[in-house]
Amino acid sequence: MIERPTPAPLLILGWGNLSRGDDALGPMCVTALRQLLPDDLRHQVEFLDDYQLQIEHALDLLGRKNVLFVDASVSCSAPFEVSPLRPVQDGSFTTHAMSPQALMQVYQNLQGQAPPPCTLLAIRGYAFELGEPAGSAALAHLNDALQWAQSWISKATNAIHTGATPREMAFDSDLKSG
(Lines give C-alpha, C1' and ligand atoms only; values in the text may rest on other atoms or scores of the structure.)
Protein backbone atom coordinates (compact mmCIF):
# COMPACT_ATOMS: atom_id res chain seq x y z
CA MET A 1 0.00 0.00 0.00
CA ILE A 2 1.31 3.44 -0.96
CA GLU A 3 1.39 5.86 1.93
CA ARG A 4 0.24 9.35 1.05
CA PRO A 5 1.93 12.34 2.64
CA THR A 6 -0.19 14.27 5.12
CA PRO A 7 -1.89 17.11 3.24
CA ALA A 8 -1.86 20.70 4.44
CA PRO A 9 -4.88 21.29 6.69
CA LEU A 10 -6.21 24.10 4.49
CA LEU A 11 -6.91 23.88 0.78
CA ILE A 12 -7.65 26.82 -1.50
CA LEU A 13 -8.96 25.58 -4.84
CA GLY A 14 -9.69 28.04 -7.63
CA TRP A 15 -10.85 27.35 -11.14
CA GLY A 16 -11.38 29.19 -14.39
CA ASN A 17 -9.86 29.76 -17.80
CA LEU A 18 -7.00 32.25 -17.94
CA SER A 19 -7.81 32.89 -21.62
CA ARG A 20 -11.44 33.92 -21.04
CA GLY A 21 -11.41 37.39 -19.50
CA ASP A 22 -12.91 37.55 -16.02
CA ASP A 23 -13.16 33.73 -15.88
CA ALA A 24 -9.51 33.92 -14.79
CA LEU A 25 -10.44 35.38 -11.38
CA GLY A 26 -10.34 32.01 -9.56
CA PRO A 27 -6.82 31.02 -10.66
CA MET A 28 -5.62 34.62 -10.32
CA CYS A 29 -6.84 34.69 -6.73
CA VAL A 30 -5.05 31.40 -5.96
CA THR A 31 -1.81 32.70 -7.49
CA ALA A 32 -1.96 35.97 -5.56
CA LEU A 33 -2.77 34.25 -2.25
CA ARG A 34 0.12 31.83 -2.78
CA GLN A 35 2.48 34.79 -3.27
CA LEU A 36 1.07 36.71 -0.28
CA LEU A 37 1.17 33.78 2.14
CA PRO A 38 3.70 34.32 4.94
CA ASP A 39 6.51 31.76 4.98
CA ASP A 40 5.53 30.47 8.42
CA LEU A 41 2.13 29.35 7.07
CA ARG A 42 3.35 27.54 3.94
CA HIS A 43 3.04 24.09 5.55
CA GLN A 44 -0.56 24.85 6.57
CA VAL A 45 -2.06 25.90 3.22
CA GLU A 46 -2.09 24.15 -0.14
CA PHE A 47 -3.14 25.94 -3.32
CA LEU A 48 -4.62 24.28 -6.40
CA ASP A 49 -6.09 25.72 -9.57
CA ASP A 50 -7.59 24.18 -12.66
CA TYR A 51 -9.79 25.04 -15.63
CA GLN A 52 -12.81 23.42 -13.99
CA LEU A 53 -13.73 21.19 -11.09
CA GLN A 54 -13.64 17.52 -11.95
CA ILE A 55 -14.51 14.34 -10.08
CA GLU A 56 -10.82 13.71 -9.33
CA HIS A 57 -10.73 16.84 -7.16
CA ALA A 58 -12.77 14.95 -4.54
CA LEU A 59 -9.50 13.28 -3.53
CA ASP A 60 -7.97 16.71 -2.89
CA LEU A 61 -10.40 17.14 0.02
CA LEU A 62 -8.90 14.18 1.90
CA GLY A 63 -7.30 15.11 5.22
CA ARG A 64 -8.31 18.78 5.09
CA LYS A 65 -9.63 20.79 8.01
CA ASN A 66 -11.19 23.46 5.80
CA VAL A 67 -11.50 24.22 2.07
CA LEU A 68 -12.00 27.51 0.24
CA PHE A 69 -13.32 27.25 -3.32
CA VAL A 70 -12.72 30.35 -5.49
CA ASP A 71 -14.46 31.12 -8.79
CA ALA A 72 -15.66 33.98 -10.95
CA SER A 73 -19.41 34.59 -11.01
CA VAL A 74 -21.76 36.57 -13.25
CA SER A 75 -24.62 36.32 -10.77
CA CYS A 76 -23.14 37.29 -7.40
CA SER A 77 -23.18 40.80 -5.98
CA ALA A 78 -20.11 42.96 -6.49
CA PRO A 79 -17.39 42.78 -5.43
CA PHE A 80 -17.79 39.21 -4.12
CA GLU A 81 -19.97 36.85 -2.13
CA VAL A 82 -19.03 34.20 0.40
CA SER A 83 -21.23 31.25 1.24
CA PRO A 84 -20.91 27.97 3.13
CA LEU A 85 -21.33 24.87 0.98
CA ARG A 86 -23.11 21.57 1.58
CA PRO A 87 -22.86 18.33 -0.40
CA VAL A 88 -25.54 18.09 -3.09
CA GLN A 89 -25.97 15.74 -6.01
CA ASP A 90 -26.94 18.34 -8.61
CA GLY A 91 -27.13 18.27 -12.39
CA SER A 92 -23.38 18.78 -12.71
CA PHE A 93 -22.72 15.45 -10.98
CA THR A 94 -22.54 13.52 -14.26
CA THR A 95 -21.01 16.17 -16.51
CA HIS A 96 -17.40 16.96 -17.31
CA ALA A 97 -17.40 20.05 -15.07
CA MET A 98 -18.79 19.93 -11.54
CA SER A 99 -20.12 22.31 -8.93
CA PRO A 100 -18.31 22.43 -5.58
CA GLN A 101 -21.44 20.96 -3.95
CA ALA A 102 -21.42 17.96 -6.33
CA LEU A 103 -17.71 17.49 -5.68
CA MET A 104 -18.43 17.42 -1.95
CA GLN A 105 -21.13 14.81 -2.58
CA VAL A 106 -18.65 12.63 -4.47
CA TYR A 107 -16.27 12.90 -1.52
CA GLN A 108 -19.07 11.91 0.86
CA ASN A 109 -20.05 8.95 -1.34
CA LEU A 110 -16.44 7.75 -1.63
CA GLN A 111 -15.40 8.26 1.98
CA GLY A 112 -18.66 7.46 3.76
CA GLN A 113 -18.35 10.63 5.82
CA ALA A 114 -19.03 14.32 5.48
CA PRO A 115 -16.44 16.40 3.65
CA PRO A 116 -14.47 19.05 5.53
CA PRO A 117 -16.17 22.43 5.94
CA CYS A 118 -16.15 24.16 2.55
CA THR A 119 -16.75 27.79 1.63
CA LEU A 120 -17.27 29.39 -1.76
CA LEU A 121 -15.69 32.75 -2.56
CA ALA A 122 -17.49 33.95 -5.70
CA ILE A 123 -15.88 37.01 -7.30
CA ARG A 124 -18.05 39.16 -9.56
CA GLY A 125 -16.98 39.07 -13.18
CA TYR A 126 -18.56 40.62 -16.26
CA ALA A 127 -16.82 39.62 -19.50
CA PHE A 128 -15.73 36.07 -20.37
CA GLU A 129 -14.68 36.40 -24.01
CA LEU A 130 -11.98 34.12 -25.38
CA GLY A 131 -8.61 35.83 -25.74
CA GLU A 132 -9.48 38.82 -23.57
CA PRO A 133 -7.72 39.76 -20.31
CA ALA A 134 -9.63 40.24 -17.06
CA GLY A 135 -11.35 43.62 -16.96
CA SER A 136 -10.53 46.49 -14.63
CA ALA A 137 -13.77 46.20 -12.63
CA ALA A 138 -13.21 42.46 -12.10
CA LEU A 139 -9.61 43.08 -11.04
CA ALA A 140 -10.83 45.62 -8.47
CA HIS A 141 -13.25 42.96 -7.16
CA LEU A 142 -10.36 40.50 -7.03
CA ASN A 143 -8.38 42.89 -4.82
CA ASP A 144 -11.30 43.14 -2.39
CA ALA A 145 -11.71 39.35 -2.41
CA LEU A 146 -8.01 38.89 -1.70
CA GLN A 147 -8.31 40.94 1.48
CA TRP A 148 -11.21 38.77 2.65
CA ALA A 149 -9.36 35.56 1.72
CA GLN A 150 -6.25 36.60 3.62
CA SER A 151 -8.43 37.13 6.69
CA TRP A 152 -9.99 33.69 6.12
CA ILE A 153 -6.52 32.10 6.02
CA SER A 154 -5.53 33.88 9.22
CA LYS A 155 -8.68 32.77 11.06
CA ALA A 156 -8.39 29.21 9.76
CA THR A 157 -4.74 28.82 10.75
CA ASN A 158 -5.47 30.30 14.18
CA ALA A 159 -8.34 27.84 14.59
CA ILE A 160 -6.02 24.95 13.76
CA HIS A 161 -3.52 26.11 16.37
CA THR A 162 -6.24 26.36 19.04
CA GLY A 163 -7.68 22.95 18.21
CA ALA A 164 -11.03 24.22 16.96
CA THR A 165 -13.51 21.66 15.67
CA PRO A 166 -14.31 21.55 11.93
CA ARG A 167 -17.68 23.20 12.61
CA GLU A 168 -15.99 26.03 14.51
CA MET A 169 -13.58 26.43 11.62
CA ALA A 170 -16.39 26.99 9.12
CA PHE A 171 -16.68 30.62 10.25
CA ASP A 172 -20.34 30.77 9.22
CA SER A 173 -20.86 33.86 11.38
CA ASP A 174 -18.01 35.63 9.59
CA LEU A 175 -19.28 35.00 6.07
CA LYS A 176 -20.38 38.04 4.16
CA SER A 177 -20.49 39.76 0.86
CA GLY A 178 -17.74 42.13 -0.06
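The values are calculated or read from the model by the stated rules, or taken from the named source; none is laboratory data. This is a predicted model, so every value here is computed, not measured. We place every Cβ from the backbone using ideal geometry, glycine too, and count neighbours over all the protein chains shown.
Summary table
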| read-out | value |
| --- | --- |
| Residue that is nearest to ALA72 (Cα to Cα) [pool: residues in the stretch 96-146 that are over 17 Å from the mean Cα position of the chain (by Cα) and of a type in the set (Ser, Thr, Tyr)] | TYR126 |
| Scope the stretch 11-59; condition part of a helix (DSSP H, G or I) and either touching a Lys or Arg at 6+ places or on another chain (Cβ under 6 Å) or hydrophobic (A, V, I, L, M, F, W, C) (or both); matching residues | ALA24, LEU25, MET28, CYS29, VAL30, ALA32, LEU33, LEU36, LEU41, ILE55, ALA58, LEU59 |
| Single unsatisfied condition, LEU41 versus (1) surrounded by fewer than 17 Cβ atoms within 10 Å (Cβ to Cβ); (2) under 30 Å from GLU129 (Cα atoms); (3) not acidic (Asp, Glu) | (2) |
| Matching entry among ALA72, ALA58, ALA32, ALA78 (being more than 26 Å from ALA159 (Cβ to Cβ), in contact with a Leu (Cβ under 7 Å, 6 or more places away or on another chain) and of a type outside the set (Phe, Trp, Tyr)) | ALA72 |
| Which numbered condition VAL30 misses (of (1) more than 24 Å from GLN89 (Cα to Cα); (2) modelled with pLDDT under 95; (3) under 16 Å from the mean Cα position of the chain (by Cα)) | (2) |
| Contacts under 6 angstrom Cβ, first residue in the stretch 5-17 being farther than 14 Å from LEU103 by Cβ and at pLDDT 95 or above, partner in a strand (DSSP E or B) and of a type outside the set (Phe, Trp, Tyr), 6 or more apart | LEU10/VAL45; LEU10/ASN66; ILE12/LEU68; GLY16/ALA72 |
| Qualifying helices (runs of 4 or more DSSP H) (wholly inside the stretch 60-178; at least 1 residues being surrounded by fewer than 20 Cβ atoms within 10 Å (Cβ to Cβ), at pLDDT 95 or above and touching a Gly at 6+ places or on another chain (Cβ under 8 Å)) | 136-162 |
| Top-ranked residue in the stretch 34-58 [being more than 23 Å from ALA164 (Cα to Cα) and of a type in the set (A, V, I, L, M, F, W, C); ranked as nearest to the chain's Cα centre (by Cα)] | LEU48 |
